[in-house]
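K.L.:
Got a structure for you, written out below as structure tokens; questions coming shortly.
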Amino acid sequence: MNYRQLNAEERSALAALRSVGLSKAEIAPELGRHRSTVGRELKRNAAPHDGWYRSKRAHQRAHARRHRSRRNSQFGRAEWARVEELLKEQWIPEQVSGHLARSEFGIALELTAVGRLLASLEITPQKPLRRAYERDPKAIAQWLAGDYPKLKRRARRHGAMIFFLDEA
């Protein structure tokens, strides 16, 4: 079954059937939709102040959500390059998000979008899996010989720096 969004006519019919007093389960077959689709539409697009479903406003809200989606990103290559540049300058995602929205582009960038970009650049926050109470020279030597060179190459490839912090 292919998914397709409700159009303005279907929303208008939904509002009319709802105003007559039909339930979601009764409206669904009239529209040729599943009852969960009708329920989701009513929940998402009902007026926040009184809970009534208004088809024209519902269509506007749905269109606005679709316009704001990731698929219709307002960021082009230049903007994403600037975000990457700020991250490489050691900016934290919250700073990047706020700075770009206020000054450079005037477009809001969700914090999750910055997180996705970091993940795509293979930059993720690292936490130790366990706390080492004792030094293990054998494990340290193994890490220096195996894992660290890979980490160093990846940092160099992305123009990043590696910092070691002691949380004690």
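The values are calculated or read from the model by the stated rules, or taken from the named source; none is laboratory data. Owing to the predicted nature of the structure, the values given are computational and were not obtained by experimental measurement. In this analysis, Cβ positions are derived from the backbone assuming ideal geometry, glycine residues included, and neighbour counts consider all displayed protein chains. Each accessible area value is taken on the protein alone, full model and side chains, heavy atoms only, with ligands, DNA and RNA left out. Shrake-Rupley method; radii C 1.70, N 1.55, O 1.52, S 1.80 Å.
K.L.:
Being basic (Lys, Arg), closer than 13 Å to residue 53 by Cβ and under 30 Å from the mean Cα position of the chain (by Cα) is the filter here; which residues of region 2-23 pass it?
P.N.:
11
K.L.:
For region 1-119, please list each of the helices (runs of 4 or more DSSP H) lying entirely inside it that holds at least 3 residues being modelled with pLDDT of 75 or more and open to solvent by 60 Å² or more (accessible area, probe 1.4 Å).
P.N.:
Because the criterion is at least 3 residues that are modelled with pLDDT of 75 or more and open to solvent by 60 Å² or more (accessible area, probe 1.4 Å), the helices (runs of 4 or more DSSP H) in region 1-119 that meet it are 8-20, 24-31, 35-45, 55-68, 77-88.
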